[in-house]
Amino acid sequence: MVTTRQFVNALAKNAGMTTGEVTDMLSHFTDIIVESVKADQTINMQGFGSFEQKKKAEKCLYNPNTKQMRVIPASLTITFKQSPKLKERLTGANKAEEGKEQKA
């Protein structure tokens, strides 16, 4: 797992920026994604993927211990769908690693 701090440090190093600048940029990036998706807009990042809103319906769950029904209210969530280019990059990397393992 990569922590936020590790991600910020790596991005700062690769972009030649300070960690403070990257932290601010990352905060603005997530704010824009959340606000856009909240407004029911899809964010499409070519070569990476898209973020969009998913509406979860209200549902009733039964608790067998208390023998009571519990209502889970309707909610909104963000979904991410990877682009074919990203999928290719990920599976291409895995195929290359598998090829190395098979040759060894």
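A few remarks follow.
- With a threshold of 23 Å on the Cα-Cα distance, the over-threshold entries among 55/81; 56/85; 59/87; 38/85; 38/81 are 56/85; 59/87; 38/85.
- With neighbours defined as other Cβ atoms within 10 Å of a residue's Cβ, the residues 88, 58 order from fewest to most as 58, 88.
- In terms of the mean number of neighbouring beta-carbon atoms within 10 Å, the peptides 68-75, 19-26 order highest first as 19-26, 68-75.
- Rg over Rh for the chain works out to 1.14, both radii taken from alpha-carbon positions and Rh defined as the Kirkwood radius.
- For residue 48, nonlocal amide neighbours, meaning residues 5 or more places apart or on other chains whose placed amide H falls under 5 Å from its own, are 83.
- Net length gained if the chain between residue 71 and residue 41 were fully extended (0.36 nm per residue, minus Cα distance): 8.0 nm
- Cβ crowding within 10 Å averaged over residues, with 35-42, 47-54 ranked highest first: 47-54, 35-42
- In this simple spin-label model, placing a label point 7 Å from the Cα along the Cα-to-Cβ direction at both residue 82 and residue 6 gives a separation of 1.8 nm.
- Most fluctuating residue given options 67, 81, 56, as computed from a GNM of the chain linking Cα atoms under 10 Å: 67
Throughout, read-outs are computed from the coordinates displayed, never taken from laboratory work. Note that the coordinates shown come from a computational prediction; the quantities given were computed from them, not determined experimentally. As a convention, Cβ positions derive from the backbone with ideal geometry for all residues, glycine included, and neighbour counts pool all protein chains shown.
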